[in-house]
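Below: one structure, written as structure tokens.
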Amino acid sequence: MRRATKVAIVIVLFSLLALGMVLSYLFTSGMGPIVFKNSGPQEKIAIPFAGYNSTQNSVSMNVQGMDDFSSNATFSNMTIRDHQGYILVSIPMSDRLNGLELTTLTVNLNSTLTSGTYTATLTTSKGGSFVSPSFTVP
């Protein structure tokens, strides 16, 4: 056999060994086989603006559904996170989008935010999460 043929055989054997090791790891690590499911359409929601009102101690957001599936989404929760990602406030809610129109949601907070930079995350009743742009509390 020529040298190039021997090298090719060694490469193929090592590739099969590596593939066998990866598959063995997947099935023994508890991951099991990967099963793909059709999760159906996903919500598409945009939050172009978020701001804090210190007089009313509330956060206002402009929210818009981007397609017919998302146009009547119902929000079940809003969380406020600081610049480090820590959740400071979590508020249940039941606000709903008004079709494809830009909708303003105002959520009264149960605690006062100190000065800093924050984001709001809206969670829908279908489990989608949508993060607002950062907003600053002076």
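Observations on the structure shown:
- Filtering region 46-59 to residues that are outside any loop (DSSP other than H, G, I, E, B) and among the small types (Gly, Ala, Ser) leaves Ala46, Ala50, Gly51, Ser58.
- If you go through region 78-117 and pick out every residue that is under 23 Å from Glu43 (Cβ atoms) and within 17 Å of the chain's Cα centre (by Cα), you end up with 7.
- Among residues that are assigned to a loop (DSSP other than H, G, I, E, B) and surrounded by 11 or more Cβ atoms within 10 Å (Cβ to Cβ), Asn62 is not included.
- Put simply, of Leu97, Leu102 the only residue that is closer than 20 Å to Met66 by Cβ, at pLDDT below 90 and exposed (fewer than 15 other Cβ atoms within 10 Å of the Cβ) is Leu102.
- Qualifying residue in region 108-115 (condition: within 27 Å of Met66 (Cα to Cα), in contact with a Leu (Cβ under 8 Å, 6 or more places away or on another chain) and buried (at least 17 other Cβ atoms within 10 Å of the Cβ)): no
- Qualifying residue in region 23-45 (condition: part of a strand (DSSP E or B) and either at pLDDT below 80 or within 16 Å of the chain's Cα centre (by Cα) (or both)): yes
- Unique residue being more than 16 Å from Pro133 (Cα to Cα) and among the β-branched types (Val, Ile, Thr) when the list is Ile80, Ile87, Ile91, Ile45: Ile91
Per-residue answers, yes or no, for (1) of a type in the set (A, V, I, L, M, F, W, C); (2) part of a loop (DSSP other than H, G, I, E, B):
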{"residue": "Gly85", "(1), (2)": "no, yes"}
{"residue": "Ile91", "(1), (2)": "yes, no"}
{"residue": "Ser94", "(1), (2)": "no, yes"}
{"residue": "Val107", "(1), (2)": "yes, no"}
{"residue": "Asn110", "(1), (2)": "no, yes"}
{"residue": "Thr114", "(1), (2)": "no, yes"}
{"residue": "Thr123", "(1), (2)": "no, no"}
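The values are calculated or read from the model by the stated rules, or taken from the named source; none is laboratory data. Treat the numbers as computed from the prediction; the structure is a model and nothing was measured. When we count neighbours, we look across all protein chains shown, and the Cβ atoms used for this are built from the backbone with ideal geometry, even at glycine.
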